Amino acid sequence: MSALPNAVNNESSVAAPRMFGDPDLDRMAMQYVGNMQHYRENIVIPKSNGPVKIKTNEEKFIESAVESCGFKCTMACVMGYGLGAALGLFSASVNPNMSDPFANEKKQTAREVFREMRSTTHSYAKNFALIGCVFSAVECTIESHRGVTDWKNGTYAGGFTGGLIGLRAGVKAGIIGGLGFAAFSTAIDYYMHSR
């Protein structure tokens, strides 16, 4: 026996099992259940093609910024403006805005032609930018609310956007526009995901 009165109590408290009465079961439980320390080096990442790296905080920040709704809406607006400008330029060059070229003896000057092309191009670009921005904002909002990324988000967003576009011409045009835009969005999503 020890001369110190607390020595026996300390030995019994250290040797006492924590979960089970059997020390072997207690050791096994502490190994599988009780070990709450996780180290970064013990993360198991399945290997794919190429080396596996854990993302840094800067990479995570850039990824979250690129996946934000604001960035998606801005990029859809910019890309829609570019696509609309290209289509508007093509449309203006193919279809000049002269009602009857023989009714007026005066010929159009190059400046008037370029002015019409600029207005047509700008009009198409604004419309496509607005459609892209509205579609992207609605799709991102639906995706954030549902918490799922699938084809339904594009279909719902297409229906809503097409309905808004067609609603300017009336309720019937809004319904037809919503159904048409939803079908188009679904077909594009199916094509892009099936490749």
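The values are calculated or read from the model by the stated rules, or taken from the named source; none is laboratory data. If you're wondering where the values come from, they're calculated on a predicted model, not measured in any experiment. FYI the Cβ positions are ideal-geometry reconstructions off the backbone, even for glycines, and counts take in every protein chain you see. To get the accessible areas, we keep the full protein, side chains included, count just its heavy atoms, and leave off ligands, DNA and RNA. Shrake-Rupley method; radii C 1.70, N 1.55, O 1.52, S 1.80 Å.
Some values worked out for this structure:
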{"read-out": "Residue ID - modelled with the highest pLDDT, chosen from residues in the stretch 106-122 that are open to solvent by less than 70 Å² (accessible area, probe 1.4 Å), farther than 10 Å from Ala92 by Cβ and part of a helix (DSSP H, G or I)", "value": "Glu112"}
{"read-out": "Qualifying residue in the stretch 172-186 (condition: at pLDDT below 90 and assigned to a helix (DSSP H, G or I))", "value": "no"}
{"read-out": "Hey, Ala125 hydrophobic (A, V, I, L, M, F, W, C), assigned to a helix (DSSP H, G or I) and not assigned by the TED database to the domain that holds Cys73 or not", "value": "no"}
